[in-house]
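Asker: Structure below; questions to follow.
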2 protein chains.
Amino acid sequence: MARLVLKFGGTSVGTIDRIKNVARKVKQEVDAGHEVAVVVSAMSGVTNQLVDYVKQVSRLADEREYDAVVASGEQVTSGLLAIALQEIGIPARSWQGWQIPLITDDVHGKARIERIESGDLVARMSTGEVAVVAGFQGVSKDGRIATLGRGGSDTSAVALAAAVQAERCDIYTDVDGVYTTDPRIVTKARKLGRITYEEMLEMASLGAKVLQTRSVEMAMKHRVRVQVLSTFEEAAGSALPGTLVVDEDEIVEQELVSGIAYSRDEAKVTLVGVEDRPGVAAAIFGPLTDAAINVDMIVQNVSEDGTTTDMTFTVTKADLDRTVQVLEGARDDLKFRRLIADSNVVKVSVIGVGMRSHAGVAQRMFKALADRGINIQVISTSEIKVSVLIAEEYTELALRALHTAYGLDQA
Amino acid sequence: MARLVLKFGGTSVGTIDRIKNVARKVKQEVDAGHEVAVVVSAMSGVTNQLVDYVKQVSRLADEREYDAVVASGEQVTSGLLAIALQEIGIPARSWQGWQIPLITDDVHGKARIERIESGDLVARMSTGEVAVVAGFQGVSKDGRIATLGRGGSDTSAVALAAAVQAERCDIYTDVDGVYTTDPRIVTKARKLGRITYEEMLEMASLGAKVLQTRSVEMAMKHRVRVQVLSTFEEAAGSALPGTLVVDEDEIVEQELVSGIAYSRDEAKVTLVGVEDRPGVAAAIFGPLTDAAINVDMIVQNVSEDGTTTDMTFTVTKADLDRTVQVLEGARDDLKFRRLIADSNVVKVSVIGVGMRSHAGVAQRMFKALADRGINIQVISTSEIKVSVLIAEEYTELALRALHTAYGLDQA
């Protein structure tokens, strides 16, 4: 017998029939003898509708009121699932954020969880009652409803799993696990049985949108074992095993590289002929930081003539126009000769905790790309990842080449 | 300067534009120097949708979960109206039932208000902040969301007005007041400037569906002055005065009769040849009470032969089939000769606190109906009302005749 937290996203509870289906899945865990808490999102489409209502009323709505409005979606699902469970004989009750209480700071709209006073909830779970928790929401210290921001239900689930010391947090979604790369592009992609928190973090932030980055960070911090699995695919009436996101020491034999991620959401900016003097980087990136523009990869070329250099960096595509605007505005100060903006780029990354203890991982990447005639524009590396920026048209070719080069292809 | 509670129903907040319109009305009262609390219903259609969801999941849903689901509609409106008010420069915040708190008993789905701890709310109102209160809901003593039943937002508003000692509770709706009778039938019907609680109660329960009976009872108990007025009709940008529902002593010159109400929701049952013995009424109505069937008018004929009599009474049309079933089931005990059920009847009532001190009110009614050849089937009277049951086809004729007979026609 174990204590489990299950989380079902908006698509999984998108209709009344799907809510009933979720109830059956929860029943399987209860019948297996587990104590179960379920965290639910709003029915798909509902949150967007509510956000749209708010926007129609005001472009700059009071976040506390925004939260009161949008948190209602999860409230509805939690009540409906509790009823669906009771209907098939499983004792259940819904818990809103303020009822647990799940206490947040007062940064409404993207609140952070401060603590979960789960005593009452655990006491009722231990009597065999399923706790159906409205995700995405808590209550701030002044008693107002606070939401955790988009994707907050994953965070709710992981935080709850930590608070009730659950053996595992199962995130049911519309994919059946984490793959070595995007299976829509690389047909030989394999589902991973296990992946480390660190790798998952890189995968999530690089465009493999399975789990919210924030929930993975929280899982890593509290050592919550997370499983990603499919709501819809079953074998013999039971959920198929998905991908376990766990601590490194739970993975006996670590692959060198676990996966190949990519992000099309990058744009490249090059400042040509910037003065090569101390403080020039600060002069460039200061105004961008002030404008809340996140810079990702940065490369500064070696100065050819000792007086000027080129600076290349990436921002998200959505920030590109603003970035250009900010830099043009600072032109007098920065004294660059030319600004080149290019949004036809993609960032491809190989990820694996195994590379920490192995040399040659980056080299294998460079060679595989070179063999296909793919030019690398920017390189950045971290302890467990190597990322390169290449022309967007090579995305599929690069992913397939790297997937094969690191031995990830399905047998 | 006064403290006011305004209440807007589902039609009044049915779209984002209408919510903005409500905000403008609230602003007028704030600009006039009043402290304002606003009670809102769910946007029209939302509650029905939520109830439908619950029914799709279970025919016999846990009322606590039902409440968590359906109370979300008012939560949304309260947040949106608070934002709409802020948008036009009026400080405002939303209050859910549990935030006030408005404490109810634990009869979920049709909870009764036990008390409203309005200290925090009043303190913030006194700083000029409009309190936007989610109607229809409170929190039970065990911390669960509880709804007050259909039409509960009127009750929320009146109860809040009593708790904060408001000078008046304005119920904005889609009619512009209480009329002497149904203006769709009697074109000469007049809007009443004032009406007593007692009269309003009779009007409400007799089919003039302007205010929920329960909210009028509460207003009468706590002497809350209630105004019924239109959300949509305006003169020079201000709400038109509606009908004030007040204590009798606020009405200087009382009309003999204030209005003529009618209800098509009646069905007549006659038991022919019932034994004329002590206890026979109890034998008939006992099984109906057990079946939760409400009996309205009752007439027992004088026995002709000293051994049997006829018993006539009315139930709602919805209860008629069940009534016949129950009585047929008790036939061996009741020993009636024949059961006649008739749903082609209407109850017409003349209502007025003035009749308490005047004789001849009933006689004028009987004569007016007799002059038109309308046969009276059943009569019942109370201190402030005379009701008759007549064939349904005479409804319009009877209403017009009585409206004229009591001098209610518009000049």
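Asker: Given the structure, is A:THR104 over 21 Å from B:LYS55 (Cβ atoms), surrounded by fewer than 22 Cβ atoms within 10 Å (Cβ to Cβ) and away from chain B (no Cβ under 12 Å)? It would help to see each step written out before you state the result.
Answerer: On the way: over 21 Å from B:LYS55 (Cβ atoms): yes; surrounded by fewer than 22 Cβ atoms within 10 Å (Cβ to Cβ): no; away from chain B (no Cβ under 12 Å): yes.
Criteria not met by A:THR104.
Asker: Pull up segment A:44-76, narrow it to residues that are more than 9 Å from every other protein chain (Cβ to nearest Cβ) and of a type outside the set (D, E, K, R), then point me to the one that is surrounded by the most Cβ atoms within 10 Å (Cβ to Cβ).
Answerer: A:THR47
Asker: With the structure loaded, tell me whether A:GLU35 is more than 9 Å from every other protein chain (Cβ to nearest Cβ), among the acidic types (Asp, Glu) and surrounded by fewer than 22 Cβ atoms within 10 Å (Cβ to Cβ) or whether it fails that test.
Answerer: On the way: more than 9 Å from every other protein chain (Cβ to nearest Cβ): yes; among the acidic types (Asp, Glu): yes; surrounded by fewer than 22 Cβ atoms within 10 Å (Cβ to Cβ): no.
Here the answer is no, as A:GLU35 does not meet what is asked.
Asker: A:ASN21 is checked against (1) within 24 Å of the chain's Cα centre (by Cα); (2) more than 8 Å from chain B (Cβ to nearest Cβ); (3) of a type outside the set (Phe, Trp, Tyr) and fails just one. What number does that condition carry?
Answerer: Evaluating A:ASN21 over (1) within 24 Å of the chain's Cα centre (by Cα); (2) more than 8 Å from chain B (Cβ to nearest Cβ); (3) of a type outside the set (Phe, Trp, Tyr) leaves (1) as the failure.
Yes/no per residue for (1) in contact with a Gly (Cβ under 9 Å, 6 or more places away or on another chain); (2) of a type in the set (Asp, Glu); (3) in contact (Cβ under 8 Å) with a residue 60 or more places away in the chain; (4) surrounded by fewer than 20 Cβ atoms within 10 Å (Cβ to Cβ):
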{"residue": "B:PHE366", "(1), (2), (3), (4)": "no, no, no, yes"}
{"residue": "B:LEU369", "(1), (2), (3), (4)": "no, no, no, no"}
{"residue": "B:ASN375", "(1), (2), (3), (4)": "no, no, no, yes"}
{"residue": "B:ILE379", "(1), (2), (3), (4)": "no, no, yes, yes"}
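Asker: Closer than 18 Å to A:LEU4 by Cβ, in contact (Cβ under 8 Å) with a residue 24 or more places away in the chain and touching a helix residue (DSSP H, G or I) at 6+ places or on another chain (Cβ under 8 Å) - does that describe any residue in segment A:119-126? Show your work before the answer.
Answerer: So the first thing to find is which residues in segment A:119-126 are closer than 18 Å to A:LEU4 by Cβ, and the list is A:121-126.
From what is left, the residues that are in contact (Cβ under 8 Å) with a residue 24 or more places away in the chain are A:121-122, A:124-126.
From what's left, touching a helix residue (DSSP H, G or I) at 6+ places or on another chain (Cβ under 8 Å): none.
The answer is no, given that none of the residues of segment A:119-126 is closer than 18 Å to A:LEU4 by Cβ, in contact (Cβ under 8 Å) with a residue 24 or more places away in the chain and touching a helix residue (DSSP H, G or I) at 6+ places or on another chain (Cβ under 8 Å).
Asker: Just to be sure, is B:ALA134 surrounded by 21 or more Cβ atoms within 10 Å (Cβ to Cβ) and within 13 Å of another protein chain (Cβ to nearest Cβ)?
Answerer: Details: surrounded by 21 or more Cβ atoms within 10 Å (Cβ to Cβ): yes; within 13 Å of another protein chain (Cβ to nearest Cβ): yes.
So B:ALA134 fits the description; yes.
Asker: Kindly indicate whether A:THR187 is among the polar types (S, T, N, Q) and part of a loop (DSSP other than H, G, I, E, B). Please lay out each step first, then the result.
Answerer: Values: among the polar types (S, T, N, Q): yes; part of a loop (DSSP other than H, G, I, E, B): yes.
Yes.
Asker: How many residues are buried (at least 24 other Cβ atoms within 10 Å of the Cβ) and within 9 Å of chain B (Cβ to nearest Cβ) if we restrict to segment A:78-92?
Answerer: The first filter runs over segment A:78-92 and keeps only residues buried (at least 24 other Cβ atoms within 10 Å of the Cβ), leaving A:78-85, A:92.
Okay, now just the ones that are also within 9 Å of chain B (Cβ to nearest Cβ), so A:78-84, A:92.
Residues flagged as buried (at least 24 other Cβ atoms within 10 Å of the Cβ) and within 9 Å of chain B (Cβ to nearest Cβ) within segment A:78-92 amount to 8.
Asker: OK, next. Could you tell me which numbered condition B:LYS7 fails, if it satisfies all but one of (1) farther than 30 Å from A:PRO91 by Cα; (2) at the interface with chain A (Cβ under 10 Å from one of its Cβ atoms); (3) basic (Lys, Arg)?
Answerer: Unmet for B:LYS7, out of (1) farther than 30 Å from A:PRO91 by Cα; (2) at the interface with chain A (Cβ under 10 Å from one of its Cβ atoms); (3) basic (Lys, Arg): (2).
Asker: In addition: Wholly within segment B:62-140, which strands (runs of 3 or more DSSP E) include no fewer than the required count, namely at least 1 residues that are more than 20 Å from A:SER78 (Cα to Cα) and at pLDDT 95 or above? Show your work before the answer.
Answerer: Details: elements: B:92-95, B:102-104, B:113-116, B:130-134, B:137-140.
Those strands (runs of 3 or more DSSP E) span B:92-95, B:102-104, B:113-116, B:130-134.
Asker: Which condition breaks for B:GLN99 when tested against (1) surrounded by 18 or more Cβ atoms within 10 Å (Cβ to Cβ); (2) under 20 Å from the mean Cα position of the chain (by Cα); (3) without any contact (Cβ under 8 Å) to a residue 60 or more places away in the chain?
Answerer: (2)
Asker: Identify, by number, the condition in (1) free of Cβ contacts under 8 Å to residues at least 24 places away in the same chain; (2) over 35 Å from the mean Cα position of the chain (by Cα) that B:ALA292 doesn't meet.
Answerer: In the conditions (1) free of Cβ contacts under 8 Å to residues at least 24 places away in the same chain; (2) over 35 Å from the mean Cα position of the chain (by Cα), B:ALA292 misses (2) alone.
Asker: Only residues that are touching a Lys or Arg at 6+ places or on another chain (Cβ under 9 Å) and among the small types (Gly, Ala, Ser): list them for segment A:142-158, please.
Answerer: A:ALA146, A:GLY149, A:GLY151, A:GLY152, A:SER153, A:SER156, A:ALA157
Asker: While we're here: Go through segment B:304-411 and tell me which helices (runs of 4 or more DSSP H), entirely inside it, have 2 or more residues that are at pLDDT below 95 and under 27 Å from B:VAL257 (Cβ atoms). Full working, then the answer.
Answerer: Numbers: elements: B:320-329, B:331-334, B:361-371, B:395-405.
Of the helices (runs of 4 or more DSSP H) lying wholly inside segment B:304-411, those with at least 2 residues that are at pLDDT below 95 and under 27 Å from B:VAL257 (Cβ atoms) span B:361-371.
Asker: Could you please let me know if A:VAL40 is within 14 Å of chain B (Cβ to nearest Cβ), crowded, with 16+ Cβ neighbours inside 10 Å and within 30 Å of B:PRO91 (Cα to Cα)? Spell out how you get there, then give the answer.
Answerer: Values: within 14 Å of chain B (Cβ to nearest Cβ): yes; crowded, with 16+ Cβ neighbours inside 10 Å: yes; within 30 Å of B:PRO91 (Cα to Cα): no.
Spelling it out, it is not the case that A:VAL40 is within 14 Å of chain B (Cβ to nearest Cβ), crowded, with 16+ Cβ neighbours inside 10 Å and within 30 Å of B:PRO91 (Cα to Cα).
The values are calculated or read from the model by the stated rules, or taken from the named source; none is laboratory data. Keep in mind it's a predicted model, so treat the numbers as computed, not measured. No Cβ is skipped: glycine too gets one built from the backbone with ideal geometry, and neighbour counts run over all protein chains shown.
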